[in-house]
1. Take the Cβ-Cβ distance between GLU179 and LEU84 as r, set R0 to 25 Å, and report the resulting FRET efficiency rounded to the nearest 0.05.
2. Using the count of nearby Cβ atoms within 10 Å as a rough guide to exposure, how do GLU182, GLU116, GLU200 rank from fewest to most?
3. Order these peptides, 11-22, 236-247, 252-263, by their mean beta-carbon neighbour count within 10 angstrom, highest first.
4. Shape verdict for the range 233-343, please, from the Cα gyration tensor: rounded (a/c under 1.5), prolate (a/b greater than b/c) or oblate.
5. Would you list ARG285, ARG163 from fewest to most Cβ contacts within 10 Å?
6. For ILE39, list long-range residues whose amide hydrogen, built 1.01 Å from N in the peptide plane, is under 5 Å from its own amide hydrogen.
7. How high is the relative contact order of the range 233-343, in percent, counting Cα pairs under 8 Å that sit 6 or more residues apart?
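Since every read-out is calculated from the coordinates, none of them should be taken as a lab result. As the structure is a computational prediction, the values presented were derived from the model and not from experiment. So basically every Cβ, Gly included, is an ideal-geometry build from the backbone, and we count neighbours across all protein chains shown.
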Amino acid sequence: MNRTATAASDVVLLIPAYKPDHRLPILVDELIERGFAHIVVVDDGGGAEYRGIFDALEDRCDVVRHAVNLGKGRALKSGFNHCLNVFPDRAGVVTLDADGQHAPDDVAAVAERLVEGGERMVLGNRTFEGDVPLRSRFGNELTRLIFRFMVGMSLTDTQSGLRGIPMSQVHRLIPLAGERYEYETSMLLELHRHRVKLVEQPIRTIYIDDNRGSHFNPILDSFAIYFVLLRFVFSSVASALLDTVLFYLVFRMGVGVGGSVVIARAVSSLFNFSLNKRFVFRSSRPVPVSVLLYYALVGVVALLSYGSIRLLHDGVGMPILAAKILSDTLLFALSFFVQRDLIFKRPDVEED
């Protein structure tokens, strides 16, 4: 048995579908011809008009049905749950779209990488060459840059729906928040949180009729995707606002710059530490270690903040509040990257 046949028999294909056209049955037949024996299609509540398409598929694949449209994220969760219940011994699940954007050959390539890679997630990497719709090219590039800055993950294609997930990791994905396209971003973040290695598999970039068949809302769905990522800076912004307000109030009460920095930072740092450990980085590192490293950083940043405020206020003549805001803005990136990559860095193996 060759590699493709082995992979085809050892993975489950999961296809979420909302109001599909004739391309879905064709895609299923082509995948069956390539030896894929376990295919799950989720009818995401397209209504009676599309029921016949799914009825016709029931003799050659598993069909999971939603009575109403619940969104791609919910469809994937329903499919994952079915895969764990019915195919728990398979190597993993390969997700793909129902609109013909993923070529069967690329599906087979992702399946092979998944079976060969063991516990690694495989992400289909579109090259975005040729005639690519502007909204697709721009959206992927923006999300890629945000991912790189906020999460530290360097991915070429963060929005690809062609993915291979080890079966041992599927249970982590079912409880995640997100009902629409933002769920796919949450998947990447959750597996990254559990130190699951990720590899990218180059695939073709296929857009049919300028991607008009996509149900992706470029405004609402993009906002939801970026909101998932922006939690990584919400804590820092909220803490910076608290720190600035406290600094200004204490300074106006007659306390010097040094004392104002210390008092404000003592309160805001405790707030920031609690949010970052539990909400932002979700670190499992022991609290004493995290506290020691965190407050060492607080001390360094406070000294740098004090020095820069004195320089800007006393040396340049900048108003004290403006000096404080500019100083902390410049120190924001340093603080963020140290916390992400050192203080709240997750261990190589994270226990459940």
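1. The computed FRET efficiency comes out at 0.80.
2. GLU116, GLU200, GLU182
3. 11-22, 236-247, 252-263
4. Prolate is the answer for the range 233-343, as a/c is 1.5 or above and a/b outweighs b/c.
5. By the 10 Å Cβ count, ascending, the order reads ARG285, ARG163.
6. Residues meeting the amide H criterion: LEU13, ASP62.
7. For the range 233-343, the relative contact order is 28 percent.
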